[in-house]
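Please treat every number below as a calculation from the coordinates, not as lab data. Only a predicted model underlies this, so the values are computations on that prediction, with no experimental measurement involved. Neighbour counts run over all protein chains shown; Cβ positions are idealised from the backbone, glycine included.
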Amino acid sequence: MRTFGKVLLLIAWALAGPLACIHREARALDYGDFPRRIEIPAPTPQLASRYNGSVLAEWTSLRKDDGKTVEGYVSDNRSFFETVMAPAIESRLDYYHTLPVIEAINDFALLGHETYRDWIGREFYRWGGDLFDLDDPQAEGIRHDRRYGIDCSGFASLPYEIAVHYGLLKPEEPSAVFSSKGFESFCRTHSHRDRGGRGGTSNRYRVDSSEMAELGREVIHIPQGGKASPEEIAKCQAGDLMGRSGHFGIVVEIQGELYYLESGGWVCPPRGYRPWPLAESIEIFAQGGPLTVRRSLEDYGKLNH
């Protein structure tokens, strides 16, 4: 019986071996384990006291286009962007103007995730938070009363907002549709209504997760409980958005492999809030329902670095 048990154990190890290796490698991957082309500054005591996850937001009111007034807390992520992120980006901006925009989108997504983790905290999710503070004041929701932090769609759109902000993408280009200015251009061209604000009203074209589920083009679709085949993973690329109405994250490429990043959600937070391999991320995400991987960029394929 003892020998038979050892045989079974060896068989189990052999079958689990490849997957176990993937998990070990994935858990070991963190921002200090691979080079980034944009280095963020470490928080100084002075700036860290101003930009952190505990700072409370201001309560305000906003009169909507339909005449109703909404009240709540407003984010101040633009200040955080201009003070901390922008100088790091602008030091390499000329270089990014020489590259395909997918390179910038990939690097900006990694930069945004690492920056918010380091400065605001690993749990930087903030209901109604977006990079340029376009969303309505929020009266309820996770960390809705905090000054800094972004929600799922705020994070997924972040690299596109930055790319348009610096002229790497033009708002009228289809590739820019996941940014607020790109979405505004899309709405005006296609008579599409911006409805991401409170009560289904406009929120200055800040792209919501329900709108992400309709924009761009579908790359792959995974049913609830499904997995992505190697052929389907090969169709994906950096800058793709992954999710369904209610939650979206973004695909990035790190050292030739595809990973998934998100704010909030079910994939990254339980795993140290770190980049997680795309195939495994899809399997985890799909346990709760069907998902799509969507694209607005051209079909670039693998990056050159």
Worksheet entry | Nearest-ten-degree value, helix 2-28 long axis tilted from longest Cα axis of the chain | 30 degrees
Discussion item. Which three numbers, in whole Å and largest first, are the semi-axes of the equivalent ellipsoid of region 45-295 derived from its Cα gyration tensor as √(5λ)?
Written reply: 26, 21, 20
Worksheet item: In whole Å, what are the Cα extents of region 141-247 along the three principal axes, biggest one first?
Response: 39, 33, 27
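Reported to two decimal places, what Rg/Rh ratio describes region 189-273 when computed on Cα atoms with Rh from the Kirkwood expression?
Numbers: Rg = 14.8 Å, Rh = 14.7 Å.
Over the Cα atoms of region 189-273, Rg/Rh equals 1.01.
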Practice prompt. List the aspartates and glutamates whose Cα lies under 17 Å from the Cα of Lys68, skipping any in the same chain that are fewer than 8 positions away.
Written response: Asp135, Asp136, Asp194
Worksheet item: If you count, for each residue, the other Cβ atoms within 10 Å and average over each peptide, how do 48-54, 197-203 line up from highest to lowest?
Response: 197-203, 48-54
Worksheet entry | Set of lysines near Lys64 by C-alpha distance (under 25 Å), chain-local residues within fewer than 8 positions excluded | Lys181
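With 18 Å as the cut-off, how large is the P(r) tail for region 117-181, expressed as percent of Cα-Cα pairs?
Working: 815 of 2080 pairs.
Of the Cα pairs, 39 percent sit more than 18 Å apart.
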